[in-house]
Structure formats: structure tokens, C-alpha cells
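The values are calculated or read from the model by the stated rules, or taken from the named source; none is laboratory data. Not measured: the values here are computed from a predicted model. All Cβ positions, even for glycine, are placed from backbone atoms using ideal geometry, and neighbour counts span all protein chains on display.
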């Protein structure tokens, strides 16, 4: 099975960003940062989704992130499919935190069942074809509306760009860098929307020496 081992978020200040991500989400080396001043405006075309066991765990992550400087885009609430909310962190990345459960069955935890990278793309079929050619197997597909890949580590899903922005509660408009690099077994390439992928082993060799051990993250520069 193909894997997405981590994502690298490009930020102006890696030290401050590491402190935020460590305190708000504590996802270890699966979410890394490195310095970038690449121009970017508006919607960057992606969101990170944390799937958690129950509503009070959603609230725990959501409230902690807001306390540390994130902005709520959709406050956590019940919906037809479960319970969840959406926020934007201080460095521009959108996070969706959700549970399929509408009721708590125990105390809140800091457990994440799944991490999903949601990409909003111009042509779902074309991007799907690109990824299949790179060896990523499809788990579920609904025409040009939604595709989910059977990747280990971090899961991957595709929406159309407008649908992804609507799901996040933002305008689909945006230009410049995605400020995202995907570390994967699929190798180094750029997809049709300009999302950058790099071989996980190459990324480790290139950036692995710069780290902040006290935060439990590998900081990439």
C-alpha cells in the first residue's frame, strides 16, 4: 500500500509554528514545518482533517487551537453526519476536526483516529488519474465529485476546489503557493494543481538534521 508519511507546512516562523502545532494538535512527525516566504493569498486549496472518537474530543482539540490563536471558520456543532467544526490556524492552514458520533460515551481524550489530507482540485478526474499512475490505489470514488485513496499513514481525499472551499467555510479564491509539501512513498513530482510531492526518504535526508527535540517535531528548513 502507498503511504503518506507526513505533510510539511511552509510557514514564516518554524519555531513559533512548531510550538502551536505541538500544543494544539500534538501530531508528532506526521505534521512538519519549514521556513517559507512564498507569496500566497486566500484559499490554499487544501485542509487537514482530524477524525476523532466523540464530540468532547472535537471540543478539546478545537478549543485548545482557538486558545492558541486559531480562528473558528465553522464553530463545532452537530450535523446530519456527526459533530465537528472548522478552523484556520495562525499560519493559514485550515483544519477540520470531526467525529461521526453525536454523543459522548466517555471522557474527552487527545486521541486521533485518522488524519485526512483533503485537496480541492480543478479537475478531480485528471488529478485522480495522475495519482493512480503514481501507484496510489483508489478506495472510493464518486465520479468527478469525490475520490478517496487507500493510503496508509495520512489518508488522501479529493474534492473539486469549490466544494472543498464550501466545506471549509471559505471563498474558493486564492493565488500563489499552497505552502504544502506531501511526503510520500509515491516519489517526487507536482500534480496538475501544483501540489508538491516529495519522496519521504529524500525529505528526511535533506531536512532531518534540523529539529527541535524538545517539542517532539522534526523542523524542516
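Looking only at region 101-111, decide whether some residue is over 24 Å from residue 173 (Cβ atoms), crowded, with 20+ Cβ neighbours inside 10 Å and at pLDDT 95 or above. Looking for residues that are over 24 Å from residue 173 (Cβ atoms), crowded, with 20+ Cβ neighbours inside 10 Å and at pLDDT 95 or above, one finds none in region 101-111, hence no. Is it true that some residue in region 122-141 is modelled with pLDDT of 95 or more, closer than 25 Å to residue 83 by Cβ, surrounded by 15 or more Cβ atoms within 10 Å (Cβ to Cβ) and in contact with a strand residue (DSSP E or B) (Cβ under 6 Å, 6 or more places away or on another chain)? The answer is no; no qualifying residue exists. The strands (runs of 3 or more DSSP E) found wholly in region 150-201 and carrying at least 2 residues that are surrounded by fewer than 17 Cβ atoms within 10 Å (Cβ to Cβ) and either in contact (Cβ under 8 Å) with a residue 40 or more places away in the chain or touching a helix residue (DSSP H, G or I) at 6+ places or on another chain (Cβ under 6 Å) (or both) occupy 174-176. The residues in region 16-29 that are at pLDDT 95 or above and out of contact with any helix residue (DSSP H, G or I) (no Cβ under 9 Å at 6 or more places or on another chain) can be counted, and the count is 2.
So how many residues does region 120-140 have that are touching a residue at least 24 places away in the same chain (Cβ under 8 Å) and not in a helix (DSSP H, G or I)?
Step one: list which residues in region 120-140 are touching a residue at least 24 places away in the same chain (Cβ under 8 Å), which gives 120-124, 126-128, 130-131, 134-137.
The next check asks that each one be not in a helix (DSSP H, G or I); those that pass are 120-123, 134-137.
Summing the residues that are touching a residue at least 24 places away in the same chain (Cβ under 8 Å) and not in a helix (DSSP H, G or I) in region 120-140 gives 8.
No other residue among 72, 38, 47 is under 21 Å from residue 174 (Cα atoms), buried (at least 22 other Cβ atoms within 10 Å of the Cβ) and at pLDDT 95 or above apart from 47.
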